[in-house]
1. Between Phe94, Ala16, Leu35, whose Cα lies farthest towards the positive end of the dipole of the range 2-121 when Lys and Arg beta carbons carry +1 and Asp and Glu beta carbons carry -1, centred on the Cα centre?
2. Ranking request for peptides 84-91, 56-63: highest mean number of other beta-carbon atoms within 10 Å first, then the rest in descending order.
3. Ratio to report: Rg/Rh of the range 6-76, with Cα atoms as the point set and Rh obtained by the Kirkwood method; give two decimals.
4. Quickly rank 93-105, 33-45 as a protection proxy: mean count of other C-beta atoms within 10 Å, highest first.
5. How large is the Rg to Rh ratio of the chain when both quantities use alpha carbon positions and Rh follows Kirkwood?
6. Using θ = phi - 60° and the Karplus form 6.51 cos²θ - 1.76 cosθ + 1.60, what ³J(HN,Hα) does each residue of the range 106-113 get, whole Hz, x for Gly and Pro?
7. How much length is gained on full extension from Glu33 to Thr9, taking 0.36 nm per residue of separation minus their Cα-Cα distance?
8. Read phi for every residue in the range 84-101 and hand back ³J(HN,Hα) as whole Hz from Karplus 6.51 cos²θ - 1.76 cosθ + 1.60, θ = phi - 60°, with x for Gly and Pro.
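Throughout, read-outs are computed from the coordinates displayed, never taken from laboratory work. Computed from a prediction, not measured in an experiment: that's the story for all the values here. Every residue, glycine as well, gets a Cβ built from its backbone with ideal geometry; the counts of neighbours run over all protein chains shown.
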Amino acid sequence: MLDGVGEYTVKMRTKAGVVKIILMRHLSPITVERLYKSIPLSGLTIKTNDLLYISLDLEGRLERPLKKLKKGQLVFSPANKSLIIALTDLRIDFPVTPLGEILEGMEVLGSIKTGEKVVLTN
């Protein structure tokens, strides 16, 4: 759903609940559009102390790369075709494409375990 100029709100459904995400076109217009037009998408999670990876069948290139993430930030890694959500503020060793941030449900992310299936929907 297009909320503002160049913003989409999507939901990530998990066993533990629903996480609301805002995708912002101005951050990376090509990648955000590609992701949004591919929804619904599902993937499996890999969780570390600081990051939640969601493997997706989505192609892309680096767009406005960054290596410093803030808690709740959503990024895309073209190298491993994963959405990544920062669970803390941190610096990472590889460049990623910024996409948006978590609007609601950071507490849900804390209960997700590696290997769980998540689904992105409108």
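1. In the range 2-121, that residue is Phe94.
2. Numbers: 84-91: 17.4, 56-63: 14.9.
Descending mean neighbour count gives 84-91, 56-63.
3. Numbers: Rg = 12.3 Å, Rh = 13.3 Å.
Result: Rg/Rh = 0.92.
4. Values: 93-105: 17.8, 33-45: 15.6.
Result, highest mean Cβ count within 10 Å first: 93-105, 33-45.
5. Numbers: Rg = 12.8 Å, Rh = 14.0 Å.
Rounded to two decimals, Rg/Rh equals 0.91.
6. Karplus values, whole Hz, x for Gly and Pro: 4, 5, 5, 4, x, 9, 6, 10.
7. Numbers: separation 24, 0.36 × 24 = 8.64 nm, distance 1.24 nm.
Between Glu33 and Thr9, full extension yields an extra 7.4 nm.
8. Along the range 84-101, the couplings run 10, 10, 6, 8, 9, 6, 6, 10, 10, 8, 9, x, 9, 9, x, 10, x, 7 Hz.
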